[in-house]
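Trainee: Once you've had a glance at the structure underneath, I'll fire off some questions.
Each reported figure results from applying straightforward, stated rules to the coordinates on display, with no laboratory input. Just so it is clear, the model here is predicted, and its values are computed rather than measured. Neighbour counts run over all protein chains shown; Cβ positions are idealised from the backbone, glycine included.
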Amino acid sequence: MERDIYSLYKSRGLEILAICLNDNEDAIKSAIAPFNLTYRVLTDRGGATARAYKVTSIPMNLIVDKKGIIRYRNVGYDPSAMRSVIDKLL
């Protein structure tokens, strides 16, 4: 996602928040270190965010517009579909 999405759109105002359901911060840091991510990676202690956004599978990608409306929801990773939605929103 860093290369396929974020690097293309961050200058246009796109923000990415990766939310990990695992609350072991050392394990998260070890898992993401090889990817040199520049967007924020957060933990969802207690699962409140997952419940609020009805996360049923992992990985799940959501695109939320500036008004907080979910405009895209997909299990797995489909960069071309995500770019299509982002192009319409930015």
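Residue by residue, here is whether (1) touching a residue at least 40 places away in the same chain (Cβ under 8 Å); (2) in contact with a helix residue (DSSP H, G or I) (Cβ under 7 Å, 6 or more places away or on another chain) holds:
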| site | (1), (2) |
| --- | --- |
| Tyr9 | yes, yes |
| Ile19 | no, yes |
| Asn24 | no, no |
| Ile32 | no, no |
| Arg40 | no, no |
| Pro59 | no, no |
| Leu62 | no, no |
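Trainee: Let me ask something additional. Report, by residue number, each residue of segment 42-54 that is free of Cβ contacts under 8 Å to residues at least 24 places away in the same chain and closer than 21 Å to Asp78 by Cα.
Mentor: Across segment 42-54, the qualifying residues are Tyr53, Lys54.
Trainee: Sticking with this structure for a sec: Scan segment 21-40 residue by residue and report those that are of a type in the set (Val, Ile, Thr) and either exposed (fewer than 11 other Cβ atoms within 10 Å of the Cβ) or in contact with a Leu (Cβ under 8 Å, 6 or more places away or on another chain) (or both).
Mentor: Thr38
Trainee: For the list (1) surrounded by fewer than 14 Cβ atoms within 10 Å (Cβ to Cβ); (2) of a type in the set (A, V, I, L, M, F, W, C); (3) without any contact (Cβ under 8 Å) to a residue 24 or more places away in the chain, I need the number of the one condition that Val85 fails.
Mentor: Only one criterion in (1) surrounded by fewer than 14 Cβ atoms within 10 Å (Cβ to Cβ); (2) of a type in the set (A, V, I, L, M, F, W, C); (3) without any contact (Cβ under 8 Å) to a residue 24 or more places away in the chain is unmet by Val85, namely (1).
Trainee: Could you tell me which of the residues Ile28, Ile32 is within 16 Å of Ile5 (Cβ to Cβ), β-branched (Val, Ile, Thr) and touching a Cys at 6+ places or on another chain (Cβ under 9 Å)?
Mentor: Exactly one residue qualifies, and that residue is Ile32.
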